[in-house]
Structures are given as structure tokens and as C-alpha cells.
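Input: a single structure, listed below in C-alpha cells.
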Amino acid sequence: MTDPALPTQPDIGKRPRPGRAARSPLVIALFVLVTALICGADLYLKHWSFETVANRPVELTPQVIDEHEAFWRQYPHDPTVVIPSLLNLQLTTNPGAVFGLGKGGRYIFIVVSVVAIFIISVMFARSPARAWLLHLALSLILAGAMGNLYDRVVYGAVRDMLHMLPGTGIWPWIFNLADAALMAGVGLVLVLTFLNDRQTTAAKRAAPQPTPEA
């Protein structure tokens, strides 16, 4: 029996459990900073584009939701070429989800965005403090959700301006930086999940198998 008066010895060979992100002020500060920078960049690009790309500043009104095509006929403008044959700036609005999908349902998307922000925050809080790539992925998703949520609440529609591969028909959607951050974050989460599953499977295969009793 072990004498309770003696100090217990740490188990040799066992790695200490990493602390959670929610218990590290540095990790929290970095997560908030990265999220704020990405979200701020998205909102700034939207503001700048809608002030300068068209022939005059675009003032969004409820008509952009009810009469989308009629609204944009008031602001005819040629695309601004950023990178020839690769990226143009073309203003439009989207009352749906990312890349123009799911037209309508503004309040549904607001609720979904709020729920997503809550889930991402919980995932970050419960994640290991050293999971930097996961934190980056969650920051991208959170910033994208917040940027588009702001537009839906304030304007009733999401401001879009990025058009990839114009004139080719390969990429017909016009999107924004928040959409790109969301897709990049989700993609990174999928890659990390795949790599973690492979590592777990490899560890199970490498583990010694129990010897059957005679």
C-alpha cells in the first residue's frame, strides 16, 4: 500500500495534458487579435469598394432586398481590374449565404450565424492551448461569420465585390473576404481532422497487441 503521507510520484512515460485555450491569456489575446484583423479587413474592403468602385458611392436601402435588380440598375459600373484575367472588383449584394447561395431567408441566416459564432467560441475555449493551426482555422471561420453577420443586420444583405477568373465562366460567383475566410477556415479544419484521424489510426496500428491467454 502507498503511504498517504508520502508525495505521489508522477507516472513515468506519460505526457502532461496540455492546458485548454480558455486558460491561457496569451492564446485568447492572439485569437481575438487575428479574428479582429480578418473581420476588420473584410469590413474595410466592403466599405472602400462600395464608396469607390461604382461611379458614385452606393447607398444601400431596403430596395436592395425587395428589388435587387432594380436597385443595381441605379449604379451601373464597369468592373475594376485588380489582376488581369484573375481578379476584378464588381459590386453586388447577396441576401443569401456564401457565394450567392440560398437567396432570401435573412433572419434564418442571422440566427445560423449567431449559433455558429457561439459554437466556434466554445470549440476554441475547449481546444488545446498549443493547437495553433486549429485556432487559426477557427479565427477565419469566426471572422467570416461576424463580417457577414454585420452586413445582414445593418443592411439586410451581404456586400460582395470579388470576382475571380472574370470572363472565363469558371468562377461565376461574386464574393467577399468574409466568404473566403469562411471557406479557408472550413478547409483547414477538414485537413486537420483528416491528418488527426490518420495519426490516430497509425498509433493504434503501432500499439502492441494484447497476447491471448493460453
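Using a 1.4 angstrom probe with every protein chain in place, what is the largest-first accessible-area order of VAL34, VAL154?
Largest accessible area first, the list is VAL154, VAL34.
Using a Förster radius of 22 Å, what is the FRET efficiency between HIS77 and TYR44 based on their Cβ-Cβ separation? Nearest 0.05, please.
On the way: r = 20 Å, r/R0 = 0.90.
Computed FRET efficiency for HIS77 and TYR44: 0.65.
Over the Cα atoms of segment 39-146, how large are the radius of gyration and the largest Cα-Cα distance (Dmax), in Å?
Cα only, segment 39-146: 17.2, 51 Å (Rg, Dmax).
Taking every pair of Cα atoms in segment 101-204, average 1/r, invert it to obtain the Kirkwood radius, and report Rg/Rh to two decimals. Mind dumping the intermediate values first?
Numbers: Rg = 16.3 Å, Rh = 15.4 Å.
With Rh from the inverse mean 1/r over Cα pairs, Rg/Rh is 1.06.
Probe 1.4 Å, all protein chains in place: accessible area of PHE118 in Å², nearest 10?
The accessible area of PHE118 comes to roughly 140 Å².
Compute, for SER113, the solvent-accessible surface of its heavy atoms (probe 1.4 Å) with the complete set of protein chains present, and express it in square angstrom to the nearest 10.
10 Å²
The values are calculated or read from the model by the stated rules, or taken from the named source; none is laboratory data. All of these numbers come straight from a predicted model, not from anything done at the bench. All Cβ positions, even for glycine, are placed from backbone atoms using ideal geometry, and neighbour counts span all protein chains on display. SASA here: full protein model, heavy atoms, side chains in, ligands and nucleic acids out. Shrake-Rupley method; radii C 1.70, N 1.55, O 1.52, S 1.80 Å.
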